[in-house]
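Comments concern the structure below.
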Amino acid sequence: MNETQKTPHNAASKGQIAKTVLFPGDPKRARYIAENFLEGARLVSDVRGMEAFTGLYKGKPVSVMGSGMGGPSAGIYSHELYSFYDADAIIRIGTAGGYRKELKPGALIFALTASTDSNYAYQFKLPGTFSPCCDFELLQKAVNFAREHSFEYAAGAILSSDMFSPYNALGKDGSDAAWKPWADMGCLAQDMETYALYCNAARFGKKALSIVTNTFNKITGQELEGGYDVLTPMIETALSLV
């Protein structure tokens, strides 16, 4: 680390990260948001190519930083944002594979809680299974915004898996054995990062909300087509929470 770098994974100095952080998986999406939605955004970190920007949205400071793929990566970055940079709220804005036929590509999914096939919570030495959840205040505001703007959405449990949804292994009978039991238990969709984020928010007494866009429906096979612009409803909903 150099003299201005506060953690092994973030080169921002104290005060360069806002209290609210938008948290897309893709660092290029972080740049897209900074350039198209924020005023006066400046790059504050690019360690390992994971870019972080801080700017203003309607006069309020906000940061946007990539989380990378998977719980371990999202866990590292969110841990440092909460503990070293004093972030109060992290809002994940990612993509997910939907488990419900009625979930059309492009629909928003608000993760009330996250299940997992990962061992991420092992580090907390809990005497049972931990089920982390979102922050209710952030959820309530996000749902109200989605309703006001007629964005299609659903709210419920999701699965944060170590497996990328389209690559789930098939069962011997050709069924998607890896994900079907989770769908049968009511999970709306599958991502990779929400569980780790919610665990860290709980551990540090901070706020978190995961808003994901359904980009692939596991039941119908329908996919969301287009560039970053098709994620605008999710981005605008997240920014309404700043």
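The values are calculated or read from the model by the stated rules, or taken from the named source; none is laboratory data. Since the model is a prediction, treat every value here as computed from it, not as a measurement. We place every Cβ from the backbone using ideal geometry, glycine too, and count neighbours over all the protein chains shown. Heads up: the accessible areas ignore ligands, DNA and RNA and are worked out on the full protein's heavy atoms, side chains in. Shrake-Rupley method; radii C 1.70, N 1.55, O 1.52, S 1.80 Å.
Looking only at segment 186-213, filter to residues that are in a loop (DSSP other than H, G, I, E, B) and touching a residue at least 60 places away in the same chain (Cβ under 8 Å); which one of those is farthest from GLY70 (Cα to Cα)? Lay out the reasoning, then the answer.
Here is the first cut: in segment 186-213, the ones in a loop (DSSP other than H, G, I, E, B) are 186-188, 192-193, 205-206.
Imposing the further condition that a residue be touching a residue at least 60 places away in the same chain (Cβ under 8 Å) reduces the set to 187-188, 192-193, 206.
Details: CYS187: 18, LEU188: 18, MET192: 5, GLU193: 5, LYS206: 21 Å.
Checking each candidate, the answer is LYS206.
Search segment 55-70 for residues being open to solvent by 20 Å² or more (accessible area, probe 1.4 Å) and assigned to a strand (DSSP E or B), and hand back the single one that is nearest to LYS19 (Cα to Cα).
To start, the set of residues in segment 55-70 that are open to solvent by 20 Å² or more (accessible area, probe 1.4 Å) comprises 56-61, 69.
Still in the list and also assigned to a strand (DSSP E or B): 56-57, 60-61.
Working: LEU56: 12, TYR57: 13, LYS60: 10, PRO61: 8 Å.
Applying the filter and picking the extreme gives PRO61.
Every residue, every condition in (1) at pLDDT below 95; (2) in a strand (DSSP E or B); (3) over 15 Å from ALA11 (Cα atoms); (4) of a type in the set (Lys, Arg), yes or no:
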position: ARG42; (1), (2), (3), (4): no, yes, no, yes
position: PHE53; (1), (2), (3), (4): no, yes, no, no
position: PRO72; (1), (2), (3), (4): no, no, yes, no
position: ILE76; (1), (2), (3), (4): no, no, no, no
position: ILE91; (1), (2), (3), (4): no, yes, yes, no
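Among the residues of segment 118-166 satisfying the criterion of being at pLDDT 95 or above and of a type in the set (Val, Ile, Thr), which is surrounded by the most Cβ atoms within 10 Å (Cβ to Cβ)?
Among residues in segment 118-166 that are at pLDDT 95 or above and of a type in the set (Val, Ile, Thr), the one surrounded by the most Cβ atoms within 10 Å (Cβ to Cβ) is ILE158.
Report, ordered by the first and then the second residue, all pairs with beta carbons closer than 9 Å, sequence separation of six or more or different chains, a first member in segment 33-47 that is acidic (Asp, Glu), and a second member that is surrounded by fewer than 12 Cβ atoms within 10 Å (Cβ to Cβ).
That search, which allows pairs on different chains as well, returns GLU39/LYS58; GLU39/GLY59.
Considering only residues that are part of a loop (DSSP other than H, G, I, E, B) and touching a residue at least 12 places away in the same chain (Cβ under 8 Å), which ones fall in segment 226-240?
Of the residues in segment 226-240, the ones part of a loop (DSSP other than H, G, I, E, B) are 226-227, 240.
Residue satisfying the conditions is SER240 alone.
State whether the residues of segment 8-26 include one that is surrounded by fewer than 20 Cβ atoms within 10 Å (Cβ to Cβ) and either among the aromatic types (Phe, Trp, Tyr) or not in a loop (DSSP other than H, G, I, E, B) (or both).
no
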